[in-house]
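Peer 1: I'd like to ask you about the structure that follows.
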Amino acid sequence: MSAADNKLDAAALEARNRLFKQALAAEEKQDYKKALEYYRMSLQIDVKFFDSWLNAGALYSRQGKSAKAIECYQRALQSRQDKRALYNLASEFFKIARYEETKKLLQQALKQDRHFLQAHLLLGYAYGKTSENEKAEISIKNALKIEPENRPAITALALLYFHSGKKELALKYVDMLLLKDPDDIVMQRLRANLTLDTGDIASAIATMRKIAARDSRLKSFYSSVQQNMSAEQVRELQEKRRVLEQQPVKTEKDMLDLSLLAFFAGDSDKALGYLLQATEKK
């Protein structure tokens, strides 16, 4: 029993806990409106009831209502400095690009629990968003120390190295992921790009043919990779594509470059067209 519980008489405590259980039951039935109503009723009895604030915040977050979720998590933290509320609040701030607050909250959570894998991982993402690549690398590797086979952490490290120009390291982690899942289209495309950069054109063409055969619309690559790129990186790719398209004579490598650049832009039809032109040159 917490100190807050001690301030409630037995009847109030019973009523609060009954309402909380009813909220949980409503959540299980996916009746989120009713669940929130029960959480609010429990908080009318005990305004410092941490569990209701935390759960209500999670429900608002699930519904995409970040402002309400943030308010709930902040109220939860007024009751208890708990790593779950710190992490959840950090996640909401991350969604709305408030990265400095995200980092501070995650650092607080990690002071409570150095083995909080998800906090290390999200901290790595936050550092990545503020171009603090060395700190991002440390945070992601800290997550991997806790769980060496953690796929999101390995993926994050592969993307970090890819975007920071460390091609050999990126290829190492991409290959780790492909070893576990050879049909991972996103990693196949990254590998094609990386092998192209190292001059292994034949390997790049083979990979791109395999990709085209399996997923002609290429939607997953665009959504999974482009969202991790900065606005500056996107502009650089757009300019590179523009210059290549204006070249009167294009080599096989030019065609492959254009194909990959079109992949990044989400232009699947042109990407496949350039790929076919590249393969015709073989």
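The values are calculated or read from the model by the stated rules, or taken from the named source; none is laboratory data. Keep in mind that this is a model prediction, so the values were computed, not measured. With ideal geometry, Cβ positions are generated from the backbone for all residues, glycine too; neighbour counts draw on all protein chains shown.
Peer 1: Could you check, for the stretch 98-113, whether at least one of its residues is within 26 Å of Ala143 (Cβ to Cβ), among the polar types (S, T, N, Q) and surrounded by 21 or more Cβ atoms within 10 Å (Cβ to Cβ)?
Peer 2: The answer is yes; a qualifying residue exists.
Peer 1: Another question, then. Take the residues in the stretch 30-53 that are assigned to a helix (DSSP H, G or I) and of a type in the set (A, V, I, L, M, F, W, C); name whichever of them is surrounded by the fewest Cβ atoms within 10 Å (Cβ to Cβ). Even if it seems obvious, please write down each step before you answer.
Peer 2: Within the stretch 30-53, the subset assigned to a helix (DSSP H, G or I) is 32-45, 50-53.
From what is left, the residues that are of a type in the set (A, V, I, L, M, F, W, C) are 35-36, 41, 43, 45, 50, 53.
Working: Ala35: 21, Leu36: 21, Met41: 17, Leu43: 19, Ile45: 19, Phe50: 19, Trp53: 25.
Ranking the qualifying residues of the stretch 30-53, first place goes to Met41.
Peer 1: Let me ask something else about it. Of the residues Leu13, Leu19, which is modelled with pLDDT under 95 and part of a helix (DSSP H, G or I)?
Peer 2: Leu13
Peer 1: I would also like to ask the following. Filter the stretch 142-151 for residues that are surrounded by 15 or more Cβ atoms within 10 Å (Cβ to Cβ) and either part of a helix (DSSP H, G or I) or in contact with a Gly (Cβ under 6 Å, 6 or more places away or on another chain) (or both) and give the result.
Peer 2: Listed by number, the residues that qualify are Asn142, Ala143, Leu144, Ile146.
Peer 1: Further question on the same structure: Assigned to a helix (DSSP H, G or I) and within 30 Å of Ala56 (Cα to Cα): is that true of Glu100 in this structure?
Peer 2: yes
Peer 1: Let me confirm something: among Ala69, Ala56, Ala85, which residue is at pLDDT 95 or above, within 15 Å of Gln108 (Cα to Cα) and buried (at least 22 other Cβ atoms within 10 Å of the Cβ)?
Peer 2: Going through Ala69, Ala56, Ala85 in turn, the sole match is Ala85.
Peer 1: Identify, by number, the condition in (1) surrounded by 19 or more Cβ atoms within 10 Å (Cβ to Cβ); (2) over 16 Å from the mean Cα position of the chain (by Cα); (3) in contact (Cβ under 8 Å) with a residue 24 or more places away in the chain that Tyr127 doesn't meet.
Peer 2: Result: Tyr127 passes all but (2).
Peer 1: Evaluate the following for Tyr87: is it aromatic (Phe, Trp, Tyr), assigned to a helix (DSSP H, G or I) and not assigned by TED's automatic domain parsing to the domain that holds Arg16?
Peer 2: So Tyr87 passes the test.
Peer 1: Being at pLDDT 95 or above and surrounded by 14 or more Cβ atoms within 10 Å (Cβ to Cβ) is the requirement here; does Glu27 meet it?
Peer 2: Judged against the criteria, Glu27 is not a match.
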